[in-house]
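The values are calculated or read from the model by the stated rules, or taken from the named source; none is laboratory data. Everything quoted here is computed from the prediction, not taken from an experiment. Note: ideal-geometry Cβ built from the backbone for every residue, glycine included; neighbour counts use all protein chains shown. For the accessible areas, the whole protein counts, side chains as well, though only heavy atoms, and no ligand, DNA or RNA atoms are used. Shrake-Rupley method; radii C 1.70, N 1.55, O 1.52, S 1.80 Å.
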Amino acid sequence: MAKTKDDYLAILSQFDLKDKVVSAEPFGNGHINDTLKVTTEGGDIKYVLQRINHLIFTNVDMLQENIRIVTTHIREKLEAAGTADIDRRVLTFFPTKDGKNYYFDGENYWRVSLFIPRSKSYEEVTPELSYEAGRAFGDFQTMLSDLPEGTLGETIPNFHNMEFRLQQFREAVAADAAGRVGAVRQLIDEIEQRADAMCIQERLYREGKLKKRTNHCDTKVNNMLFDADTDEVLCVIDLDTVMPGFVLSDIGDFIRTAGNTGVEDDENLDRVGVNIPIFEAYTRGYMEKAQAFLTPTEIKLLPYGGRLLTYMQTVRFLTDYLNGDTYYKIHYPEHNLVRTKAQFKLLQSLEAHAAEMDGFMNQWL
């Protein structure tokens with residue numbers, strides 16, 4: 001049931017806010033949570049109200065505690081560094097009047113954060129923006145690099161666990177719920193041929209050669225805010241997927257999304273390939289900030305992260321196709337198969353440029 005203005009004001013009244021609020025209206029274009037901008041009695045947009053999608057983030061207590069820990073830790077780092085205008089450099093969330101990190105209205109979960117004024121975000125990707133994105137996410141990881149392992153929970157369990165994704169894939173092949181296995185046997189074989197090589201991070205972790213870090217896990221240009229006047233990066237936003245993982249995830253997913261000359265579901269595979277200038281720009285910015293805490297093993301494996309995350313998404317799209325399209329929203333019957341083929345073409349391009357991309361890291365080794 002749609003919420004009315006009075007419904008939103010009743011929800012907002014549960015939070016310990018400093019200003020009287022008079023309205024809440026839809027804001028932004030996020031695909032997961034519902035977001036509203038909140039206007040105060042003085043006519044200013046002062047707060048952001050969000051409905052948390054608890055179908056995806058099933059443990060809201062963990063989710064909100066993760067965000068509290070992360071934002072508090074970053075704020076302490078900024079204060080220690082004497083950073084000015086801190087409320088524009090890290091997200092600020094408000095507790096409810098009874099001290100909780102969210103409000104449950106009996107049906108949905110809600111949270112409120114401070115609106116960051118004079119800010120903007122970008123959707124397009126250029127080498128210049130990729131460099132800034134690399135610096136921002138590298139700085140973000142650096143400030144959180146001293147959080148002890150075990151401090152944060154996994155808001156989406158096994159999100160970037162390749163062994164787990166392959167297990168799901170093999171179960172889908174065995175079940176053949178939609179009767180599609182026979183038609184995609186070549187793609188299945190291609191995935192299996194690469195399976196062992198794509199589980200390196202889990203093996204290295206078990207051997208004590210790769211650490212779990214605090215990652216953002218959704219490293220897109222539009223998950224940063226820029227100063228509207230100077231274009232300076234202000235802060236990283238959309239913290240729902242911040243959780244323990246491997247640094248390969250954050251650089252890998254940027255390469256997979258921003259470093260693709262085509263689109264994720266491109267039907268014209270001739271358009272799909274790796275954009276090397278985007279990769280180099282992001283990596284250069286990232287290493288400027290993150291080099292100090294990374295191990296040589298991590299630095300060497302960063303380009304592999306692009307291949308890994310692209311392979312992982314290939315596996316996930318094909319798994320959903322074999323299961324009968326039960327997870328991803330599709331717009332036509334073969335959409336997940338088209339996505340699979342486009343991701344696989346990008347993977348092949350990344351493999352063709354692997355030596356070049358791996359060699360780019362030598363300057364930091």
Using a Förster distance of 35 angstrom, determine the FRET efficiency expected from the C-beta separation of residue 204 and residue 65, and round it to 0.05.
0.75
Looking at segment 258-365, which trypsin sites (Lys or Arg not before Pro) are in a loop (DSSP not H, G, I, E or B) and have at most 14 other Cβ atoms within 10 Å?
329
Would you mind calculating the relative contact order of the chain from Cα pairs under 8 angstrom and at least 6 residues apart, reporting the percent as a whole number?
17 percent
Scan [x] 173; [y] 344; [z] 155 for the value of volume of the Cα convex hull per residue in Å³ calculated from this model and give just the label.
[z]
Enter the angle in degrees (range 0 to 90, nearest 10) between the Cα long axis of helix 296-322 and the first principal axis of the Cα atoms of the chain, meaning the one along which they spread out most.
90 degrees
Using a 7 Å offset from the Cα along the Cα-to-Cβ direction at both residue 175 and residue 27, what is the distance between the two label points in nm, to one decimal?
4.0 nm
Please list, by residue number, everything in segment 328-348 whose backbone N is under 18 Å from a paramagnetic label point 7 Å out along Cα→Cβ of residue 189.
341, 344-345, 348
Once residue 104 and residue 124 are pulled to full extension, the length gained, defined as 0.36 nm per residue separation minus their Cα-Cα distance, is 3.6 nm
How many nm is it between the label spots at residue 58 and residue 351, if each spot is 7 Å from the Cα in line with the beta carbon?
3.4 nm
GNM flexibility winner over the chain from 83, 58, 71 (Cα, springs under 10 Å):
83
Starting from the 7 Å offset along Cα-to-Cβ, what nm value, one decimal, do you get for the label separation of residue 45 and residue 291?
3.9 nm
Can you work out the PRE-style zone for residue 230? Point 7 Å along Cα to Cβ, and I want the residues of segment 69-113 with backbone N under 13 Å.
83-86, 88-89
Expected unfolding gain across residue 97-residue 358 under the 0.36 nm per residue rule, minus the alpha-carbon gap, is 88.8 nm
Degrees between helix 276-290 axis and first principal axis of the chain (Cα, 0 to 90, nearest 10)
50 degrees
May I ask you to derive the relative contact order of segment 227-365, considering only C-alpha pairs under 8 Å and at least 6 residues apart, and to give it as an integer percent?
31 percent
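Under the rule that an exposed site lies in a DSSP loop and has at most 15 other Cβ atoms within 10 Å, name the longest stretch of the chain with no GluC sites (Glu not before Pro) of that kind, not counting the sites themselves.
Counting only loop sites that pass the neighbour cut-off, the longest clear stretch is 268-333.
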Go ahead and run the numbers for FRET between residue 37 and residue 263, Cβ-Cβ distance against an R0 of 25 Å, rounding to 0.05.
0.30
Accessible solvent surface per residue of segment 248-307, calculated while the other protein chains remain in place, 1.4 angstrom probe, Å²
36 Å²
